[in-house]
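Okay, so here's the structure we're looking at.
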Amino acid sequence: MATPYTHGDDPYDLADEREFPPSRQAGGYELTPAVGFADDFADVFEHTSVHRSTIGCVIPAYNEEESIGDVLTALLGQTRVPDVIHVVVNNSTDGTVRVASQFAGPHEIITPLGEQFTEVFVHDIGKNPDKKVGALNYGYALVEGYDYLLGVDGDTIGDERAVEYLEAEAVSDSRIGGISAIYSIDPAPITGVIPKFLITGQRTQFAAFNLQNLLRGRNMAVLGGQFSIFSTTALRAVMKANHQRTPWVRDSEVEDSLLSLQIKSAGYLTKISPYSRADVGGMTTLRSYDAQQVKWTYGAIELMWPGQRGDTKGQPFHPNLRLRWFENISMLTNLFVRIAFVTLLAGSLSISAFVFSAWWLIPVATAVLLNVRIAMTMNDRTSRDVLFAALVIPAEIFMWIRLSHFTRSWARFLSRKKVDNWAMQAKAERGSGAGHWTPMILLVVVLVGIAVAWNLLGPVTQSAILWVGWPIVGVVTVVQTVLMIFKLMRRYQGYRV
C-alpha cells in the first residue's frame, strides 16, 4: 500500500482502509478505423510511446467519497499512466480526502506499453470561494511544467486506453490545444424507475452531442473537464492573450466552455477523440438534473449573448458557439410547436373543428427514426436506450423536461438576477430546492389562462385563430421535419458514440 497522505504533521486515520474493486474498464477494445476515418489517423497510434511527452493529471474533487477510489483505480490501470496525479479536494465535508489518501505515494506499474511510474498527491485546500475553478488553477500551478494537463472529474472513469489515445493524437499535431474523450454514463449501477429514465435520457443527450461534434470535423465545441487533455503551451497562450493569471476564470458559469473558446481564439484546435472514452457521473433526480442543465445553459447563453454581461464577453459569432446557437434555436422551435399544437388541438376540439390527418404522423415517425439511429451508434447501447428512442413517449417526456431547463435558463438570464448557479447545483444535489417545478406550474397556469380567454371569444374569432394558427404550426413543423430528414440521411462515417 502506498504511503498515506498527511496534512501537516497529523496522518489521517486509515484504520478503516478498505480495498477498492478494480475499476470498470473497456477491456482493451481493438482499434479498428471505421469507414470514413482518415487512414493516417490510425497510424498515429502505431508508434505510441509512454515517453513521448509528460502528463500531469489534475482531479478537482468536491464531496466525491463514493467515486474517487474508482477514479484513481482507473487512472492507475491506464495503458498510459499520467506521470503525476494531483487530487485537489475543495469545500468537501465528506471522506474524499481519507479515501483518496489510500492511493497517495509512488506507484510502479507494469502496462502493455512497458513499466511506468507515477505518484499520487492529495491536496486538501479547504474552503475555496472559486470552487472547481479554484481547484483546477491550484492543480495547474503544480503541473504547468509538464507538456499536457489531463483534467479528470472526481466521478469520471476513463476506459483502459483513454489517456493513451488522447496523448497520441495530441502529440501528433502541435496545433491541438485540447482534446476531449467521448462521454457517456454507465447505466449498470443505476436503480429505480426515475433514475433509470433520467440516465437513459442523459445517455441519449450525450450521444447526440458527441455525434454532432464528431461529424463537424471532430471539432469539439466544449472541452469538458470530465476527461480532457490540454496542451500547457496552449494554456499559457490563453493566459497571455486574455491577460489572465490562470487558465480558468470565474467569469462564466461554464468554465470549460469559456476556456475552449479562448483556446480556439488563440489559434489552437479543440478536438474530440473518436476512440478515447469515459463514463461520467449522471444526475439521478429531477432536482439535480435541472440544476446542472440550468447552470450549463445559462453559462452558454452568457457566452453567446452579443454584448458584455459582467466580466463575460459575449462572442455570438465564435465558431465554437455555432452548435450552441443551433441547440437554442432548436429548443425554442420545439417549445413553440408543442405549446401551439396542444393549444390549437384543444381549441379545435372545443368547437368540433378538428379533422385528423395522417400527415401529422410523418414528423413523429421521422423523429423516432432519427432517435433510433442515434441510439444504434452508441458504443455500449442497451435495449433500454433503443426502446427509449423507439417508443415516442419516453423521449417526448424527456424533451419536456429539457424544455423546462431551457425556459428557466433564459428567464434567469434575462431577469439579470444575480444567482450563484454553482451553489444552486450543490444545493440540488443535496436534495434541497423545488425550483425545477416552476416551469411546469407556469405552463399549467398559462394553458388555463388560454382556455379561459378562448371561451370568452366568439365563434368567428375562434375560427379565425384556428385558420391562421394551424398553417403557421404546419409550416414550422415541415421545416423541422425536413431538417430531421437531412440528419437521418447523413453518413455517420462509422463513428461510435
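Tabulated values for the structure
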| item | result |
| --- | --- |
| The stretch 287-297: number of residues that are over 12 Å from the mean Cα position of the chain (by Cα) and crowded, with 22+ Cβ neighbours inside 10 Å | 3 |
| Residues located in the stretch 222-245, provided they are under 21 Å from residue 183 (Cβ atoms) and modelled with pLDDT under 95 | 222, 223, 224, 225, 226 |
| Filter pass, residue 133 being part of a helix (DSSP H, G or I) and at pLDDT below 95 | yes |
| Boolean, residue 326 is over 23 Å from residue 198 (Cβ atoms), of a type outside the set (A, V, I, L, M), assigned to a helix (DSSP H, G or I) and without any contact (Cβ under 8 Å) to a residue 40 or more places away in the chain | yes |
| Enumerated helices (runs of 4 or more DSSP H) restricted to the stretch 216-322, each holding at least 3 residues that are touching a helix residue (DSSP H, G or I) at 6+ places or on another chain (Cβ under 6 Å) | 255-265, 286-304 |
| Residue match in the stretch 203-212 (condition: of a type in the set (Lys, Arg), outside any loop (DSSP other than H, G, I, E, B) and crowded, with 17+ Cβ neighbours inside 10 Å) | yes |
| Lone unmet requirement of (1) within 30 Å of residue 266 (Cα to Cα); (2) among the β-branched types (Val, Ile, Thr); (3) touching a helix residue (DSSP H, G or I) at 6+ places or on another chain (Cβ under 8 Å) for residue 377 | (1) |
| Criterion (modelled with pLDDT of 90 or more, closer than 23 Å to residue 363 by Cβ and surrounded by 16 or more Cβ atoms within 10 Å (Cβ to Cβ)) met by exactly one of 483, 466 | 466 |
| Where residue 302 falls short, out of the listed (1) within 20 Å of residue 184 (Cβ to Cβ); (2) acidic (Asp, Glu); (3) not assigned by TED's automatic domain parsing to the domain that holds residue 213 | (1) |
| Some residue of the stretch 160-170 being part of a helix (DSSP H, G or I) and within 15 Å of the chain's Cα centre (by Cα) | no |
| Residue 209 of a type in the set (A, V, I, L, M, F, W, C) and in contact with a strand residue (DSSP E or B) (Cβ under 8 Å, 6 or more places away or on another chain) | no |
| Only listed residue being over 30 Å from residue 377 (Cβ atoms) and either modelled with pLDDT of 90 or more or over 26 Å from the mean Cα position of the chain (by Cα) (or both), chosen from 434, 390, 453 | 453 |
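The values are calculated or read from the model by the stated rules, or taken from the named source; none is laboratory data. Predicted model, so just to flag it, every value in this text is computed and none were measured. A quick note on method: Cβ atoms are made from the backbone with ideal geometry, for glycine too, and the neighbour counts reach across all protein chains shown.
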